[in-house]
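Data block below; observations after.
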Amino acid sequence: MPPHAWRSLTGLGVQSKHWESPLCWAPGSLREFLHHAGDYKLSDKDSIFATYLHDNSSFNSPFNLNNVQQGFTSYRQAMIVEETHVFNASWTNSVRAALDRTNNLGGNAPTVNNPAAGDPTLGQLPGFFSSGITLTGTQVTTMPGGKLYAGSVQDYWGQIIQLYDDAFHQKGNHGLKFGFSFLAQQVDGYTPLGGGNGSGTFSRAGSYSVATQKSTATGAEGPCLRPTFTLPDSNGAHYDVSCGALVDFLTNNALRATRPVDLTGFFKHYLRDKIISGYFQDDWRVRSNLT
């Protein structure tokens with residue numbers, strides 16, 4: 001390629017997928033991709049190479065019972081520049097620098113399909129939304145919590161800075177290669193995980209007493225008592241499984257519950273790591289057929 005000539009290649013793509021759920025229509029996935037690379041010859045002895053990459057994607061899927069949408073996003077951006085200088089027929093040096101940034105945000109639920117899942121008045125505490133519900137024995141194993149914390153929130157941000165310098169020297173029967181590299185890696189993580197809105201479990205076992213450390217059937221479960229038993233009966237095992245759990249849910253008698261996540265106890269974690277390395281290599285051509 002003659003001096004002061006530029007050669008490049010560009011790739012661009014957008015991909016989108018959608019689906020229709022039984023209760024609502026929602027976007028499924030979206031991906032945007034851009035790649036551009038090129039090289040430029042500055043002179044007979046100097047040339048540069050550069051590339052840029054942009055890759056962004058998102059994915060949404062409805063949770064159980066289709067109350068909220070769980071979202072995932074992934075983003076990457078990379079920039080690389082390399083300069084090569086030829087000193088003479090036996091000496092060449094190459095310097096390369098790169099920056100790579102990524103983020104992966106998973107389990108977030110900012111979009112609701114059911115308005116009740118986004119109603120802050122249904123949260124246990126201000127700033128939260130409806131809690132996750134479990135009705136044991138009803139085949140409705142778990143109803144996820146409402147907005148924001150319906151899923152397991154795991155957010156990560158990363159950045160890598162790279163610097164390389166490689167030299168090549170041909171001396172007689174020896175091909176010498178030596179250089180160094182520097183890598184600075186940075187990772188930030190925020191992982192409050194799942195159940196952020198709190199939870200409640202309802203069962204025919206009734207309510208749990210801290211004083212007696214036992215669970216007893218509630219009075220509201222009376223209509224659920226199986227025919228072979230008579231009231232009053234505090235043994236939850238004597239009640240219909242589905243009926244007892246559903247009645248206790250409708251009368252707000254939880255067997256156990258957890259409070260919303262204490263956000264004051266969760267912080268971003270910052271990982272910083274630096275690596276410096278060097279190498280030396282001698283390709284010795286002992287004979288024409290032996291190196």
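Here, each number is a calculation from the coordinates, and none is a lab measurement. Small disclaimer: the values here were computed from a predicted structure and weren't measured. FYI the Cβ positions are ideal-geometry reconstructions off the backbone, even for glycines, and counts take in every protein chain you see.
Distance in nm between label sites at His269 and Asp188, each 7 Å beyond Cα in the beta-carbon direction?
With each label placed 7 Å out from Cα toward Cβ, I get 1.6 nm.
Given the DSSP H assignment, sum -39500 (n - 2.57) over each helix run of at least 4 residues in the chain and divide by its residue total; what's the result at 222 nm in deg cm²/dmol, nearest 500?
Mean residue ellipticity at 222 nm (helix-derived): -1000 deg cm²/dmol.
Spin-label point model (7 Å from Cα, Cβ direction): what's the Glu32 to Thr111 distance in nm?
Using points 7 Å along Cα→Cβ, the separation is 1.6 nm.
Please list 3J(HN,Hα) in residue order for the stretch 221-238, calculated via the Karplus relation 6.51 cos²θ - 1.76 cosθ + 1.60 where θ = phi - 60°; whole Hz, with x for glycine and proline.
7, x, x, 8, 5, 6, x, 7, 10, 10, 7, x, 8, 9, 7, x, 5, 8
Using only alpha carbon pairs under 8 Å that are at least six residues apart, calculate the relative contact order of the stretch 105-233 and give it in whole percent.
It rounds to 23 percent for the stretch 105-233.
Which residue, Lys147, Lys268, Lys177, tops the fluctuation ranking in a GNM of the chain built on C-alpha contacts under 10 Å?
Lys177
Answer with a single label: of (1) 29.4, 105; (2) 27.5, 89; (3) 31.3, 102, which was calculated as Rg and Dmax of the Cα atoms in Å from the structure in view?
(3)
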